[in-house]
1. If I ask for residues that are touching a helix residue (DSSP H, G or I) at 6+ places or on another chain (Cβ under 7 Å) and within 13 Å of Asp145 (Cβ to Cβ), which ones from the stretch 111-130 would you list?
2. Considering each of Arg17, Arg48, Arg59, Arg21 in turn, give the residue that is at pLDDT 95 or above and in contact with a strand residue (DSSP E or B) (Cβ under 9 Å, 6 or more places away or on another chain).
3. For the stretch 99-134, how many residues meet the condition of being more than 19 Å from Arg22 (Cβ to Cβ) and in contact (Cβ under 8 Å) with a residue 40 or more places away in the chain?
4. Taking Val143, is it more than 30 Å from Gln52 (Cβ to Cβ), modelled with pLDDT of 70 or more and surrounded by 13 or more Cβ atoms within 10 Å (Cβ to Cβ)?
5. Considering Ala34, Ala10, Ala53, Ala39, which residue is more than 23 Å from the chain's Cα centre (by Cα) and at pLDDT 90 or above?
6. Among the residues in the stretch 172-183, are any of a type in the set (Lys, Arg), in a helix (DSSP H, G or I) and at pLDDT 85 or above?
7. Within the stretch 64-106, work out how many residues are aliphatic (A, V, I, L, M), out of contact with any Gly (no Cβ under 6 Å at 6 or more places or on another chain) and modelled with pLDDT of 80 or more.
8. I need the full set of residues from the stretch 1-50 which are part of a loop (DSSP other than H, G, I, E, B) and within 18 Å of Ile78 (Cβ to Cβ), in order please.
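The values are calculated or read from the model by the stated rules, or taken from the named source; none is laboratory data. Because the structure is predicted, anything quoted here is derived from the model rather than measured. Because the Cβ atoms are built from the backbone with ideal geometry, glycine has one as well, and the counts that use them run over all protein chains shown.
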Amino acid sequence: MTETVRIVIADDNYLVREGTRRLLEDSGEVTVVAAVGSAPELLDAVRRAGPQAVLTDIRMPPAGSAGQQGGAPAMEGIDAAHAIKASDPHVGVVVLSQYADESYAFELFRNGTAGLAYLLKDRVGDLHHLLSALREVAAGGSVIDPMVVEALVARRARLRESPLAKLTARELDVLREMAQGRGNAGIAARLTLSESSVEKHVNAIFAKLGLSGEQAIHRRVAAVLTFLRDAGLRPPV
């Protein structure tokens, strides 16, 4: 008989948490040593119970909190994953998310992929897939949801097609400052360049973005609009 995987489940929704616990325990392949509803409780449970793997929601308000305000989704699950891996690299972590957004996958894997998985929440209903991911991260492997892989591939394709791909690192620095509303003198001061060097970089930016024929003011606006539209395609550093 295959040895069961000892796991901790973390989800702030009680019904989801207990439903997932029952689903996994009924498989006979998992032993749930703790099921908690907040990031602090998760970190405490990992310290106390010593699981082989963790299954956590990406959104997990701190204990006693009603959740993150504003439109951006909370990422306490990812923050907890980083904390767990920092304290015990042998504990695998599967992060469940409703977001097929590649930026969250980049954030999860920013320090490496070993022992980490990013799955969409729909996978909770696919028991075989979920169990496979838990075993994989417990063994030090990594898993990423196929839909997120598609988003990553699409992101890479858009990045290749973006006019920003033609710019050098210094030209991107200049354009980034331009997007902050700075003129050539302000950009020169910020980047410790001469104004003549900045002017050369700006002219190169206009040429590479196909803006050479536009009026000066329109060129700057168009360049900034291109930056604001496409800069988010670049993976976080």
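1. Across the stretch 111-130, the qualifying residues are Leu116, Ala117, Tyr118, Leu119, Leu120, Arg123, Val124, His129, Leu130.
2. Arg48
3. 10
4. no
5. Ala34
6. no
7. Here the count works out to 11.
8. Asp11, Asp12, Asn13, Gly37, Ser38
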